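Have a look at the structure below, then the notes.
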Amino acid sequence: MPALRTALLQSSGELGDVAANLKILDEAAARAAAAGAGLLLAPELFLTGYAIGADMARLAEPADGPSARAAAAVAVRHGLAVAYGYPERNTEEHGVLHNSVRLVGADGVPLANYRKTHLYGAFENQWFTPGDDGVVQAEVGGLTVGLMICYDVEFPENVRAQALAGTDLLLVPTALMHPAEVVAESVVPVRAFENQLYVAYANRTGPEGDFEFVGLSVLAAPDGTARARAGHGEDLVVGDVDPALLAASRELNPYLRDRRPNLYGPLV
């Protein structure tokens with residue numbers, strides 16, 4: 001099976017301007033496709049911006065809303081799968097919003113929608129309701145792709161659940177802030193190594209309201225190395241998710257096979 005070239009868009013886009021952010025997504029998809037990518041990942045809440053306050057409710061859309069259709073058109077136009085963060089309006093529970101990521105295939109068909117399960121800080125808890133589905137997966141390029149958002153990846157049990165469910169590549173749109181650079185620099189590669197999967201971690205960058213996003217987006221491999229890494233500014237980085245390396249690394253590091261779940265009861 002060929003490698004899945006994966007592009008990570010590091011950008012904060014335009015605060016509160018969905019149309020402008022869809023244009024940025026389209027331009028990034030064109031660049032990613034030109035580099036041979038089959039998948040593009042954009043950051044957390046990319047379509048609207050993060051620090052939009054009361055506009056969160058106004059700009060939130062259903063999972064299949066107008067912006068979802070526009071993002072699907074981007075995927076089709078450039079022939080690659082696209083995952084992006086956005087505020088989701090729950091159509092079944094009035095007034096409920098979720099911090100979500102949606103994945104669409106290269107043919108524009110929706111593949112998965114994930115609602116952030118671990119909300120970070122007072123801001124997110126003010127606006128969002130956490131999701132209850134810890135493991136959400138789809139298939140892209142013959143790989144099992146899982147979805148998380150930002151703070152979710154900092155809980156080891158969360159990522160281990162993905163690994164046990166067979167995830168090969170974990171997509172994590174994020175909004176990592178200063179002074180938590182250690183998450184991008186160290187925690188994410190460790191998560192990839194200890195769970196024997198790839199982790200694509202795409203961050204926002206620069207000041208936004210009361211927040212300072214640090215960039216440092218990374219594609220971490222199961223051997224613990226960074227196959228692509230951005231700096232602190234706007235960027236698009238590309239790396240390969242290689243099934244051959246994944247298989248070899250899992251054989252060399254059989255953590256999942258050597259587990260003793262009967263000892264781990266106190267965790268829950």
Within region 76-226: Cβ-based charge dipole about Cα centre, in debye rounded to nearest 20 (Lys, Arg +1; Asp, Glu -1): 300
Cut-off under 5 Å, modelled amide H: who pairs with VAL136 long-range: LEU147
Accessible area, probe 1.4 Å, largest first, for residues THR167, THR144: THR144, THR167
Within region 1-60, GluC sites (Glu not before Pro) in DSSP loop having at most 15 other beta-carbon neighbours inside 10 Å: GLU14
Most fluctuating residue given options ASP55, ASP168, ASP242, as computed from a GNM of the chain linking Cα atoms under 10 Å: ASP55
Cα gyration tensor category, rounded, prolate or oblate, for region 39-86 with a/c compared to 1.5: oblate
For region 1-118, Kirkwood radius (reciprocal of mean inverse C-alpha pair distance, Å): 14.2
Computed lengthening from PHE155 to ARG58, 0.36 nm per intervening residue step minus Cα-Cα distance: 31.8 nm
Calculated over region 143-193: convex hull of Cα atoms, volume per residue (Å³): 66
Whole-number percent relative contact order across region 35-178, with pairs defined as alpha carbons under 8 Å at least 6 apart: 21
Hz values of 3J(HN,Hα) by residue in region 114-125 - Karplus curve (6.51, -1.76, 1.60), Gly and Pro given as x: 10, 9, 3, 9, 10, 7, 9, x, 5, 4, 5, 5
Taking the C-alpha atoms of the chain, convex hull volume expressed per residue in Å³: 118
Contact order relative to length of region 6-87, as percent, for alpha carbon pairs under 8 angstrom and 6 or more apart: 40
At q = 0.12, 0.24 Å⁻¹, base-10 log of I(q)/I(0) for region 157-247 (Debye sum, equal scatterers on each alpha carbon): -0.35, -1.16
Percentage, to the nearest whole number, of Cα pairs in region 1-57 over 17 Å apart: 41
Around PRO207: net Lys/Arg minus Asp/Glu count, Cβ-Cβ under 15 Å: -4
Note, ³J(HN,Hα) from phi for region 209-218, Karplus 6.51, -1.76, 1.60, rounded to Hz, x at Gly and Pro: x, 8, 10, 10, 8, 9, x, 6, 3, 8
Expected 222 nm ellipticity per residue - DSSP helices of 4 or more, -39500 (n - 2.57), all of the chain, to 500: -7500 deg cm²/dmol
Local electrostatic count, ASP242, Cβ distance below 15 Å [Lys/Arg +1, Asp/Glu -1]: -1
Rounded to the nearest 20 debye, dipole of the chain from Cβ charges on Lys, Arg, Asp, Glu: 520
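The values are calculated or read from the model by the stated rules, or taken from the named source; none is laboratory data. Quick caveat: nothing in here was measured; it's all calculated off a predicted structure. As a convention, Cβ positions derive from the backbone with ideal geometry for all residues, glycine included, and neighbour counts pool all protein chains shown. Surface accessibility is based on the protein's heavy atoms, side chains included, excluding ligands, DNA and RNA. Shrake-Rupley method; radii C 1.70, N 1.55, O 1.52, S 1.80 Å.
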